[in-house]
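The structure under discussion appears below in the form of structure tokens.
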Amino acid sequence: MLNLTSLQFKNFNYQNFGQFNSNYNQNNYLHSAKTDTFSKSQNNLKNPVNFTSKEEIVTEYRPWGYFTVLEEQDSYKVKKIVVNPHHRLSLQLHNHRDENWVLVKGKAILRCDDDSREYTKGESITILRGQLHRIENTSDEEAVIVEIQNGEYLGEDDIVRFEDDYSRA
């Protein structure tokens with residue numbers, strides 16, 4: 001059972017909120033990370049929602065498209081990456097994390113070291129720390145990738161760029 005007496009999300013203070021399991025099951029409240037509000041649920045859910053201290057959904061825009069952090073914990077992060085048509089990410093590597101990519105929409109050229117090929121929906125690739133990698137969308141539609149990062153440090157500054165179409169290398 002999760003006790004939220006000292007947990008905070010953004011500006012909402014959960015002091016005296018009590019035992020979450022009992023309040024959730026009795027009152028059926030849902031939390032919106034987007035608006036940081038609670039609302040009365042229309043569902044009669046039996047299992048509690050497991051909130052984390054990093055529940056806020058974050059989207060960051062880049063010249064090639066954008067990514068949304070779906071979940072983040074100490075040792076892993078899950079992102080949705082959207083690459084705009086005819087754009088690509090920098091050729092890069094990471095020193096502190098591994099990445100697993102699953103293409104969930106469209107098609108893209110995924111490069112890992114010297115292996116580069118077109119991937120389609122449902123295919124995946126594993127990038128180990130220290131391996132050069134890049135995502136390139138050569139199609140006329142968005143490419144969407146779910147990325148799972150694992151490692152001791154998951155910051156956006158753990159990037160060593162070798163080539164970049166947007167002068168960031």
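Nothing in this text is a laboratory measurement; each read-out follows from the coordinates by a stated rule. Please read these numbers as outputs of a predicted model, since none were measured by experiment. Using ideal geometry, Cβ is built from the backbone for each residue, glycine included, and neighbour counts are taken over all protein chains shown.
Which order do Ser139, Ser75 fall in if you start with the one that has the fewest other Cβ atoms within 10 Å?
Ser75, Ser139
Listing His86, His96, His133 from the residue with the fewest other Cβ atoms within 10 Å to the one with the most, what is the order?
Fewest to most other Cβ atoms nearby, the residues stand as His86, His96, His133.
Along the Cα→Cβ direction, 7 angstrom out, place labels at His96 and Ser167. What is the inter-label distance in nm?
2.9
What is the extension gain from Val146 to Leu70, computed as 0.36 nm multiplied by their sequence separation minus the C-alpha to C-alpha distance, in nm to one decimal?
Gain on extension, Val146 to Leu70, equals 26.4 nm.
Net charge within 14 Å of Asp98 by Cβ-Cβ distance, Lys/Arg positive one each and Asp/Glu negative one each, not counting Asp98 itself?
Neighbour charge sum, excluding Asp98 itself: -1.
Where in segment 96-124 does the amide nitrogen come within less than 11 Å of the point 7 Å from the Cα of Val160, taken along Cα to Cβ?
The answer is 96.
Need one word for segment 130-169: rounded, prolate or oblate. Basis is the Cα gyration tensor (sqrt eigenvalues a ≥ b ≥ c); a/c below 1.5 gives rounded, then a/b vs b/c decides.
Since a/c reaches 1.5 but b/c is at least a/b, the shape of segment 130-169 is classed as oblate.
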